[in-house]
Structures are given as C-alpha cells and as structure tokens.
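Take a look at the structure set out below.
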Amino acid sequence: MKNEKNGRASSLAEAEMNSRKRALEVEKEKFKEDHRGVDQEELTVAMETLSKATGKDMFIGTKRSVQSKVRFAQFLQKNWEYIREQNYLTNEEKAFLIDIQSNISMHSNAIVDDIMKRPPEALNVQGVADVRKAHRTTTSKIVNSLIKKGIFAKAVSGDAKDINQAKDYVLFVNPNIIYVGDRDNVEEHLILIFKNQMKNNSVLKNLPQKLF
C-alpha cells in the first residue's frame, strides 16, 4: 500500500514536471516568434556584451513609427453629443472649433500658428482671424463667447492694461471638448485653468466623459 502511494506521488510529480517543461518550451517558442527567431538566451548574452562594452545598462527599443509624427485632435464624442442636446453652442461656434482644431498644439492645447514648429507662436484674435481668413470683429465675438462658456481660456502675460502687452496672450482649448494629447495624462496647466469651469459651469459640470 505504501509503495503504491509512493508510486502515485512520483507519477504526479513527474507529470507536473513535464507540464512545466512544456509550458517553458511554449514560452521560449513564443519569445523566438516575437523576436524574429532569436531566443531569449541569445538576446540576454548580446545585451550583457553590449552593457560590458559600453559600461551602460542597455535595453531593447524600437524605432519610432512614421505614423508617430502624425498629429490629430481628439473630439470627445459623448461630450459633443451632450453639448448638442443642451444647445450650448451656436452653429457658428461649432464650425469655428472644427476649423481651428488644426491649430491646436500638442499637449499644451494652445492655439498656435504652426503645430509642427518648435516652439510655435501663440495666436491672438487677430492671428486666428488671419489663419481663418475671417474678419477680426467676427472672430473676436466668437472667441469671447467661447471663453464665457468655458470652452476657451485666455492667459495674459504681463500688464493687461498695457496696450502692447494686452495683445500678448495665449488661448487654450478645454481638453474635455477637444484634446491633442494623452487623455490619461492631461497636462497640469490645463487642469488648473479649466477646473473651476468644470466644477461650476451648469453645462460643463455634467459632461458625461470628463478628463478631470
């Protein structure tokens, strides 16, 4: 009886060992498949050799895709749907936002002259009017309305009472409406700029998909 139990235990242990071996083999094959036929041991030796030769810790990286240079603006669809249901924006304001999205800078969400330029120049009302080939008066009216509605924010640099410095400002777009950046990591300055609007504005505080 004792020998029978020992034999059974031995068989179970052997079966478990074989199962682990098969799992390890599958894992190794998967690694080779993911690394174009190079197994993990070869790669480890190569990385250790490079680290020894350079005196630095090495890691595996991939070249950035050409597509990573493509810029795009994210429209938070459910929020736009809610705003439409609330008749919060005029058709003129909606058209303006769609038109100006190509000038929203990545991460900062500021309206700039060229999204590919580093650093870009912030566009004031006149600059926005020039880009859109529109009248300044009409542009100013729309921008001021969007500021009041919490869709835009205006950050002034210097003395706002000074005629020259009053033109030196940046227009930011509320990322809960349109965002050019990582939705899971909204830039802190945008949170600080728009947090009160998102908390106190009767429409914005009820947006279905708030980023903060």
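For the range 90-113, the set of residues classified as assigned to a helix (DSSP H, G or I) and out of contact with any Asp or Glu (no Cβ under 9 Å at 6 or more places or on another chain) consists of Asn91, Glu92, Glu93, Lys94, Ala95, Phe96, Leu97, Ile98, Asp99, Ile100, Gln101, Ser102, listed by residue number. Looking only at the range 167-188, which residues are farther than 22 Å from Glu93 by Cβ and in contact with a Gly (Cβ under 8 Å, 6 or more places away or on another chain)? Answer for the range 167-188, where residues must be farther than 22 Å from Glu93 by Cβ and in contact with a Gly (Cβ under 8 Å, 6 or more places away or on another chain): Asp168, Glu187.
For the range 104-125, the condition holds for no residue, the condition being that it is surrounded by fewer than 18 Cβ atoms within 10 Å (Cβ to Cβ) and polar (S, T, N, Q).
Of everything listed in (1) at pLDDT 95 or above; (2) surrounded by 14 or more Cβ atoms within 10 Å (Cβ to Cβ), the single unmet condition for Lys148 is (2).
Looking only at residues in the range 116-145 that are of a type in the set (A, V, I, L, M, F, W, C) and out of contact with any strand residue (DSSP E or B) (no Cβ under 7 Å at 6 or more places or on another chain), the one that is modelled with the lowest pLDDT is Met116.
Could you please find all residues in the range 189-208 being outside any helix (DSSP H, G or I), touching a residue at least 12 places away in the same chain (Cβ under 8 Å) and out of contact with any Gly (no Cβ under 6 Å at 6 or more places or on another chain)?
Val203, Leu207, Pro208
The values are calculated or read from the model by the stated rules, or taken from the named source; none is laboratory data. Since this is a predicted model, take the numbers as computed values, not measurements. So basically every Cβ, Gly included, is an ideal-geometry build from the backbone, and we count neighbours across all protein chains shown.
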